[in-house]
Amino acid sequence: MPTYISKSRHLASRRLDDETIVMSVKSSTLYTLNESATRIWEAADGQRSIEEIARNVIAEEYEVDYNTAMQDTLALVRRLEKDGLLLVHEKPLSAADTGAA
Amino acid sequence: MTLIEELNGKALRLGVPLSAHLDITYRCNERCEHCYLNHDDKGEMGTDEIKYLLGQLASHGAFFLIISGGEPLLRRDCFEILEHARKLLFNVKLKTNALLIGEHEAKLLVDLGVEQVQVSVYSHRPEVHDSITKVRGSLERTLAAIRRVKSAGLRITIANVLMKQNFSDYSGVQALARELGVHSTLDPTITPKMDGNTEVLQLRAPGSKLRSVFRDNELVGDVAEFCSPPAPVSDEMLDGIPCGAGHTSVYVSPYGDVYPCVQFPLTCGNVRVQSFRDIWQNSPQLREVRFIRARDLSTCSSCAHVGTCSRCPGLAYMEGNMRGPSSADCEKAYARTGVRSAHQLRQSKFHPDSMNLVQISV
């Protein structure tokens, strides 16, 4: 079953060149996402599935095979979900919910 | 290197104002003795002007945003401004005296995702705190608000300014912070008023008293390390920038004036007549500030403390020369290490009587 990811609203973030700074406003923990993690982060719009992001963003842009892209994407999603920065959904979010999860 | 240092290094290379400080009003409901502001409203930016500015700051890469004053909650649109800042995904820290934070406001701050609230507390004793703020009952009200904000789930820092009036109370404030379960900071910096008036500097805690503060292991941790003599000066230190003001941080007044820092009243432009981008990229004043390296400092470049001093270029500017020394920081360096600064040694040549005051370092 495909799963979808969206960003929590309890965070601050800013793109800084090819990286993204993210801070959880609940834990005050600061993260920097590298270039590929930034691409996954930006694609986490609640509309695209993890599989789609791995295939169409990571595998395509970084010219890696799908399985490698999926492993890397899942590893990042699990980490950021654990830290409360990404939310995982069984269904895509409606337009009204996007960005307000 | 910490993550913050890495980010600041990257922001410096990219020319990004990673940290922005915006005072949305200079009006205040307290009249703190040491305050550097004129509290009259001389034409604050409107809500839309501030929202537009925040958009410009965000698009220019600003991430850490301090919203302050005066008392920011005196503005009816304060929460609208905070909400807009959060929509732009700023990391927001609100500096306030908390007198206007009730249950409703505390919940709003949490809902909006404000990362931190900083509240000024000058003493654990009402008679001392209230005599500094000039508002009877202010400590009691501020502490009640801190408890509300804390129980709502927000991170709080108590900020204490060390001065003559409250010198003996800083450990009481620390104990109070521990009891409340919040962080606390202590800063001995008293700044001249923004109009240049220096009378307020009489409130500064004297260096002889700072010496004991810098040897309080509750405050500084490893006293021997904190108070150790300065390391030998290297070329790397001399090639470094003296401070992030105007490089990776910026301050905007309620009237739209842009300064390198809140403590550095060098007007670099006004966002009501120029875009922030234009000011940040083209201001001659900011260019001058950015051009300065430690080796360019008129006295400090030959000072033993140049690599480790907390020299504030804004305080130096207010003393008359942004490349010159900041006497208050010389005092701090001496109180900390027992080693006189180059500026203090020069002064003692011109004032031979003071030679008798030279003390033996620890």
Against the condition open to solvent by 10 Å² or more (accessible area, probe 1.4 Å) and of a type in the set (Asp, Glu), how does B:Glu71 come out, does it pass? no
List the number of the failed condition for B:Val121; all other conditions in (1) β-branched (Val, Ile, Thr); (2) over 30 Å from A:Arg9 (Cβ atoms); (3) open to solvent by 20 Å² or more (accessible area, probe 1.4 Å) hold. (3)
Hits in the range B:109-148 - residues which are within 14 Å of chain A (Cβ to nearest Cβ) and of a type in the set (A, V, I, L, M, F, W, C): B:Leu109, B:Val110, B:Leu112, B:Val114, B:Val117
Anything in the range B:11-47 that is within 14 Å of another protein chain (Cβ to nearest Cβ) and either of a type in the set (A, V, I, L, M, F, W, C) or surrounded by fewer than 19 Cβ atoms within 10 Å (Cβ to Cβ) (or both)? List them, or say none. B:Ala11, B:Leu12, B:Arg13, B:Leu14, B:Gly15, B:Val16, B:Leu18, B:Ala20
Index of the failed condition, A:Thr68 passing every other in (1) in a strand (DSSP E or B); (2) more than 14 Å from every other protein chain (Cβ to nearest Cβ); (3) polar (S, T, N, Q): (1)
Just the residues that are closer than 18 Å to A:Lys26 by Cβ and buried (at least 18 other Cβ atoms within 10 Å of the Cβ), please, taken from the range A:54-86. A:Leu80, A:Leu85, A:Leu86
Across the range A:4-15, what is the total count of residues that are facing chain B (nearest Cβ under 7 Å) and either without any contact (Cβ under 8 Å) to a residue 12 or more places away in the chain or open to solvent by 30 Å² or more (accessible area, probe 1.4 Å) (or both)? 3
Evaluate the following for B:Val128: is it buried (at least 24 other Cβ atoms within 10 Å of the Cβ), at pLDDT 95 or above, touching a helix residue (DSSP H, G or I) at 6+ places or on another chain (Cβ under 7 Å) and not hydroxyl-bearing (Ser, Thr, Tyr)? no
The one condition B:Asn270 fails out of (1) closer than 16 Å to B:Ala245 by Cα; (2) surrounded by fewer than 23 Cβ atoms within 10 Å (Cβ to Cβ) is (1)
Selected residue (criterion: nearest to the other protein chains (Cβ to nearest Cβ)) from residues of the range B:48-66 that are touching a residue at least 60 places away in the same chain (Cβ under 8 Å) and of a type in the set (A, V, I, L, M): B:Ala62
Would you mind listing the helices (runs of 4 or more DSSP H) fully within the range B:188-239 where at least 1 residues are under 19 Å from the mean Cα position of the chain (by Cα)? B:207-213, B:217-220
Where B:His247 falls short, out of the listed (1) open to solvent by 60 Å² or more (accessible area, probe 1.4 Å); (2) over 26 Å from B:Asn38 (Cβ atoms); (3) assigned to a loop (DSSP other than H, G, I, E, B): (1)
So, first residue under 14 Å from B:Thr185 (Cα atoms) and open to solvent by less than 60 Å² (accessible area, probe 1.4 Å) in the range B:150-171, second residue of a type in the set (Gly, Ala, Ser) and part of a strand (DSSP E or B), Cβ within less than 6 Å, six or more apart or across chains; the pairs are B:Ile158/B:Ser184; B:Ala159/B:Ser120
Anything in the range A:25-53 that is at the interface with chain B (Cβ under 9 Å from one of its Cβ atoms) and buried (at least 20 other Cβ atoms within 10 Å of the Cβ)? List them, or say none. A:Val25
How many residues of the range B:175-188 are surrounded by 19 or more Cβ atoms within 10 Å (Cβ to Cβ) and closer than 25 Å to B:Tyr334 by Cα? The answer is 2
Condition broken by B:Lys95, with the remaining ones in (1) under 24 Å from B:Leu18 (Cβ atoms); (2) within 14 Å of chain A (Cβ to nearest Cβ) satisfied: (2)
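The values are calculated or read from the model by the stated rules, or taken from the named source; none is laboratory data. Source: prediction; values computed, not measured. Heads up, the Cβs are rebuilt from the backbone with ideal geometry, glycines too, and the neighbour counts pull from every protein chain shown. In case anyone asks, the SASA skips ligands and DNA or RNA and just uses the protein heavy atoms, side chains included. Shrake-Rupley method; radii C 1.70, N 1.55, O 1.52, S 1.80 Å.
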